[in-house]
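The values are calculated or read from the model by the stated rules, or taken from the named source; none is laboratory data. Small disclaimer: the values here were computed from a predicted structure and weren't measured. Here the Cβ positions follow ideal geometry from the backbone for every residue, glycine too, while neighbour counts run over all protein chains shown. The protein model used for the area step is the full one, side chains on, heavy atoms only, and it has no ligands, DNA or RNA in it. Shrake-Rupley method; radii C 1.70, N 1.55, O 1.52, S 1.80 Å.
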Amino acid sequence: MKAWVIGLLLVISSPAWAQRQVPQIPFDSVPNFLKLPPDMYLGEVSGVAVNTKGHVFVFQRGNTNGPAYAAAAAQLLEFGPDGKFIREIGHNLYAWSFAHTVRIDKQDNIWVTDKGSDMVIKFNPEGRVVMVFGRKQEASDEGTGPVKHPKPPLPPVDGMFRQVTDVTWDPAGNTYISDGYINSRVAKVDKDGKWLKSWGEPGDGPGQFNTPHSIAADAQGNIYVADRGNRRIQVFDTEGKFLRQITIDVPVDPNARPPIGNKPSTPNVTGAQAAGAPWAICITPGPNQFLYSSDAFPGRVYKLTLDGKVLGVLGEAGKQLKQFGWIHEIACPSENELYVGELLNWRVQKLLLHPSPSNGSN
């Protein structure tokens, strides 16, 4: 083979070439978007969602009360489209323990998952509880305490969760719940709350999970599960049949640093700190849908087609605007408007993307 051909192949196969094939998406972050009352502060923002009116819902771990260990840390807040504070929902709710995610369905019902109480709560748009799933430990039980992680884990129980993480819906109104840090499965209930089935178990094979951390559905009803510990997104039909998996393999800048902790020695291994490991996923409304995913290191947001092609990336780890500290949930009411809730930076950023046509923009 001629030397120039060999040289060209080396260039094409190099990480630098690969990086050029995944463009950076220009974007802005709206400064001081949320307007909090003078006596209110955000803690770790674990959840953010947007309803059909553009109202922003924030599920966060501020307003903490109790001892340093095992404190109750969950509060649900609503803001207007302009970021102005409207109200707190579910003040002192029985399920509040350790906030995880908030989602809004097509009817503007508000759903939250609480990792500490192992409960999923559905509020109507007025903020009243209309349905509850799971049950938290009894405060009076002598065995009540931190959830154990035995290996192998205990068999899951229908209707119960162990460190539940997220929720989504198919076009028929069925609900899918990712469950979670211990049970490693997806549960399915119908529109009336009837338990239908669950699928999944610990492992790294198709249909197995290592912390199913986030979940979303497309317009056809396919279910996308952020299998964070296995550094992949698995896609299923509504009955739990495995369809495909998506992995995000975008080269990492050698100078990239994590927002906290030591730098991973091998960036593409599995685990929550692996590059491309999906912490949060979100699918935009139709008709031309896109998938967004975020990782902890190197702290980027990725824009993908639904079949897994990476169209572009944005952001990096850090503490300034347009930098991220462990994005825990993404809301994507449109292709070029994102809301990200961050654990480490105690905030929500409203992001406005400016992609070129090559990034998939309409």
- Note on the structure: Taking Cα atoms only, Rg over Rh for the chain with Rh from the Kirkwood formula is 0.97
- Round to the nearest 0.05 the FRET efficiency obtained for residue 151 and residue 78 when R0 = 35 Å and r is the Cβ-Cβ distance. 0.30
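Probe radius 1.4 Å, ligands and nucleic acids ignored: give me the carbon and sulfur share of the accessible area of segment 166-305 as a rounded percent. Let's see the in-between values first.
Numbers: 2360 of 4960 Å².
The nonpolar share, carbon plus sulfur, comes to 48 percent.
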- Note on the structure: Rounded to whole angstrom, the alpha-carbon centroid of segment 28-86 lies from that of segment 313-344 at a distance of 15
- In whole percent, the fraction of accessible protein surface over segment 33-77 that belongs to carbon or sulfur atoms, probe radius 1.4 Å, stands at 56
- Task: Could you tell me which of 110, 93, 69 has its Cα farthest along the dipole of segment 31-129 towards the positive end, charges placed at Cβ (Lys, Arg +1; Asp, Glu -1), taken about the Cα centre?
- Result: 110
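With every protein chain kept in place and ligands, DNA and RNA left out, what is the accessible area per residue of segment 20-76? Probe 1.4 Å, answer in Å².
Working: 2900 Å² over 57 residues.
About 51 Å² of surface per residue is accessible.
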- Given 322/350; 319/350; 122/303; 115/136; 309/350, the pairs whose alpha carbons are separated by over 19 Å: 122/303; 309/350
- Task: Check cross-link reach from residue 197 to the aspartates and glutamates: straight Cα distance under 12 Å, and skip same-chain residues fewer than eight apart.
- Result: 158, 239
- Query: Mind checking the angle between helix 3-13 and the chain's longest principal axis? C-alpha axes, 0 to 90 degrees, to the nearest 10.
  - Reply: 10
- Note on the structure: Once normalised by the length of segment 31-177, the mean sequence separation of its alpha carbon contacts under 8 Å that are 6 or more apart gives a contact order in percent of 16
- Query: With contacts defined as alpha carbon pairs under 8 Å and 6 or more residues apart, what's the relative contact order of segment 281-360 in percent?
  - Reply: 22
- Could you work out the relative contact order of the chain, using alpha carbon pairs under 8 angstrom and six or more residues apart, expressed as a whole percent? 15
- Item | Surface per residue (accessible, 1.4 Å probe) for segment 262-354, Å² | 33
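Could you tell me how many cubic angstrom of Cα convex hull volume segment 73-180 has per residue?
Spelled out: Cα convex hull of segment 73-180, divided by residues, is 124 Å³.
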- To the nearest 20 debye, the chain has a Cα-centred charge dipole, built from +1 on Lys and Arg Cβ and -1 on Asp and Glu Cβ, of 640
